[in-house]
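Participant: Following this message is one structure expressed as structure tokens.
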Amino acid sequence: PHRDFYNVRKVDTHIHHSACMNQKHLLRFIKSKLRKEPDEVVIYRDGKYLTLQEVFESLHLTGYDLNVDTMDMHADKNTFHRFDRFNLKYNPCGQSRLREIFIKQDNLIHGRFLAELTKEVFSDLEATKYTFTEYRISVYGRKLEEWDGLAAWICNNRLFSEQNIWLIQLPRLYSIYKAQGTMNNFQDMLDNIFIPLFEVTRDPSSHPQLHMFLKQVVGFDMVDDESRPERRPTKHMKPPSEWDSNHNPAYAYYAYYVWANLTVLNRFRESKGYNTLYFRPHAGEAGDIDHLATTFFLANEIAHGNNLRKSPGLQYLFYLAQIGLAMSPLSNNSLFLDYHRNPFPLFFARGLNVTLSTDDPLQIHLTKEPLVEEYSIAAQVWKLTACDLCEIARNSVLQSGFPHQVKQHWVSDTYWLKGPEGNDIRKTNVPSIRMQFRKDVLDNELKIIREGARKWQQKNEGV
């Protein structure tokens, strides 16, 4: 086949929109705006409106002073096991006001700078041709109007590209909003997230821009610092309408109610002929094993999954069900797990449905093509072959939310079938013998399980 690793399709299935550019790109953009639009009023602070020039003067900075080192956005050894410090790396030069101006869409300039930056990243992606993304963008659930604001920003700035589709990430921040007095109970947060979606599904004219935006949305994510201690879920936990405690609900509680609402919403959207939404949360980066047990029952795919290495039983279940894992070894190396201890090569060898993703190029990666950087480092460190890289890329396409017709074009006309029948080597560069091997091993494992279940059933029927 004429394909090789560079011209097979690769999808970055786990990448946060606010960190989708690299540091050098953001630096060039900030310098450009400071040079071309210094008198643009960009923020309201301390009782007055400030221009971009005045903001930098208040920080005692000039365009000449700015470089990648003064921006200080790259994760380093000080962020290891410190999620709070990692989040602070989103602030250029350590200044939250610069984050608000340049990488927030809900600000005084209505996110114009971030929209322009996003378009530049789209342009870079289109130039690479074979790399695609699924940007994750936040809906916080603080108020009902959030969806309309986000959809208006996407539509008004025409942030659509054939290289990208969108996922919605839901930060688990109920305890903060409750402490601020912005909501009475957990049901308020669920209402703010899901009521606009049911309304627009019932009547698209009620939220026309949201209806348009949802055509490009393929799923929901759920994010937060998993390493934070939490109460374990029990059957005595109150329903959302009675959860008025200042404590954050457990991971499993969050996941269940997001999944339950999403399931009903999907049935409704399906009945109307609209696209449905997957549940693809963060899980297993750190924290308790029960996060992974929860997602085994509820999720279509997950981001990370490193902690499966601590639970062979769960790891085996994820293998049998072929639940997708979008793993980010470079990101983990900066936060929770040294690169050489990452279980990715072990999971891949065992046949789990794994792929590589970037997570946060702004904090982690150094080049213009962060996904290729992720693949190249993995290939060098773990001695992956060209066949391995192409199989991982093929997995990324199948895990992604790109439409059925697109996957047929990129993988095979019958991509949903297991083994060589679901693979076209002319499109994926993955040999049929590799696909046959994966199919045979999985079929044999399932056969053993079924045979064991049959014998157990016969034994108990005879008792």
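The values are calculated or read from the model by the stated rules, or taken from the named source; none is laboratory data. Here the structure is a predicted model, which means the values were calculated and not measured. All Cβ positions, glycine included, derive from the backbone under ideal geometry; neighbour counts span all protein chains shown. Heads up: the accessible areas ignore ligands, DNA and RNA and are worked out on the full protein's heavy atoms, side chains in. Shrake-Rupley method; radii C 1.70, N 1.55, O 1.52, S 1.80 Å.
Participant: Identify the chymotrypsin sites (Phe, Trp or Tyr not before Pro) of the range 33-117 meeting these criteria: DSSP loop state and at most 10 other C-beta atoms within 10 Å of the C-beta.
Facilitator: Numbers: sites: TYR44, TYR49, PHE56, TYR64, PHE80, PHE83, PHE86, TYR90, PHE102, PHE113; in loops: TYR64, PHE80, TYR90.
Passing both the DSSP loop test and the Cβ count: TYR64.
Participant: Once you put a point 7 Å from the Cα of ASP440 and another 7 Å from the Cα of ASP46, both along the Cβ direction, what distance in nm separates them?
Facilitator: Result for the modelled spin labels: 7.2 nm.
Participant: Largest first, how would PHE297, PHE132, PHE437, PHE268 line up by accessible area (1.4 Å probe)? The partial results should precede the final answer.
Facilitator: On the way: PHE297 160, PHE132 15, PHE437 110, PHE268 60 Å².
Putting PHE297, PHE132, PHE437, PHE268 in descending order of accessible area: PHE297, PHE437, PHE268, PHE132.
Participant: Which parts of the range 244-263 would a label at ASN184 reach, counting a residue when its backbone N lies under 16 Å from a point 7 Å out along Cα-to-Cβ?
Facilitator: Within reach of a label on ASN184, which here means backbone N under 16 Å from a point 7 Å along Cα→Cβ, the range 244-263 contributes 244-246.
Participant: Using a 1.4 Å probe, how large is the accessible area of HIS236, given in Å² and rounded to the nearest 10?
Facilitator: Answer for HIS236: close to 150 Å² accessible.
Participant: Of the trypsin sites (Lys or Arg not before Pro) in the range 193-271, which ones lie in a loop per DSSP and count no more than 16 other C-beta atoms within 10 Å?
Facilitator: Working: sites: ARG202, LYS215, ARG231, LYS235, ARG267, ARG269; in loops: LYS215, ARG231, LYS235.
Loop-located and lightly packed - LYS215, ARG231, LYS235.
Participant: How much length is gained if the chain between LYS143 and LEU59 is pulled fully straight, taking 0.36 nm per residue apart and subtracting their Cα-Cα distance, in nm to one decimal?
Facilitator: On the way: separation 84, 0.36 × 84 = 30.24 nm, distance 3.25 nm.
Difference between extended and current length: 27.0 nm.
Participant: Remind me, relative contact order of the chain in percent, using alpha carbon pairs under 8 angstrom and six or more residues apart? The partial results should precede the final answer.
Facilitator: Numbers: 702 pairs, mean separation 84.1, N = 463.
Reported relative contact order: 18 percent.
Participant: Whenever you get a sec, line up SER205, SER58 from highest to lowest accessible area (probe 1.4 Å, protein heavy atoms).
Facilitator: Working: SER205 90, SER58 60 Å².
Solvent-accessible surface, decreasing: SER205, SER58.
Participant: Here is a further query. Probe of 1.4 angstrom, ligands and nucleic acids ignored: what's the accessible area per residue over the range 391-442, in square angstrom? Intermediate results must be reported in sequence, preceding the final value.
Facilitator: On the way: 2360 Å² over 52 residues.
Result: 45 Å² of accessible area for each residue.
Participant: Within the range 364-428, list the trypsin sites (Lys or Arg not before Pro) lying in a DSSP loop whose Cβ has at most 10 other Cβ atoms in a 10 Å radius. Intermediate values should be presented prior to the final figure.
Facilitator: On the way: sites: LYS368, LYS383, ARG394, LYS407, LYS418, ARG426, LYS427; in loops: LYS368, LYS383, LYS418.
Sites meeting the loop and neighbour criteria: LYS383.
Participant: Please list, by residue number, everything in the range 42-57 whose backbone N is under 18 Å from a paramagnetic label point 7 Å out along Cα→Cβ of LYS36.
Facilitator: Under 18 Å, as judged by backbone N against the label point of LYS36, lie 42, 52-53 of the range 42-57.
Participant: Let me ask you something else. Count charges around PHE29 for me, please; just the other residues with Cβ under 9 Å from its Cβ, Lys/Arg as +1, Asp/Glu as -1. Walk me through the intermediate numbers first.
Facilitator: Numbers: positive: ARG28, LYS31, LYS33; negative: GLU116, GLU120.
Value of the local net charge: +1.
Participant: State, as an integer percentage, the relative contact order of the range 160-230 based on alpha-carbon contacts under 8 Å between residues 6 or more apart.
Facilitator: Relative CO of the range 160-230 lands at 52 percent.
Participant: Given Cα pairs under 8 Å that are at least 6 residues apart, what percent is the relative contact order of the range 339-463?
Facilitator: On the way: 87 pairs, mean separation 19.3, N = 125.
Answer for the range 339-463 is 15 percent.
Participant: Related question: If I compute solvent accessible area with a 1.4 Å probe over the protein chains, what percent of it on the range 114-269 is carbon and sulfur?
Facilitator: Numbers: 3420 of 6860 Å².
C and S fraction of accessible area: 50 percent.
Participant: Can you figure out the FRET efficiency of SER241 with SER205, using R₀ = 30 Å and their beta-carbon distance, to the nearest 0.05? Kindly include the intermediate steps, with their values, before the conclusion.
Facilitator: Details: r = 30 Å, r/R0 = 1.00.
According to the calculation, E is roughly 0.50.
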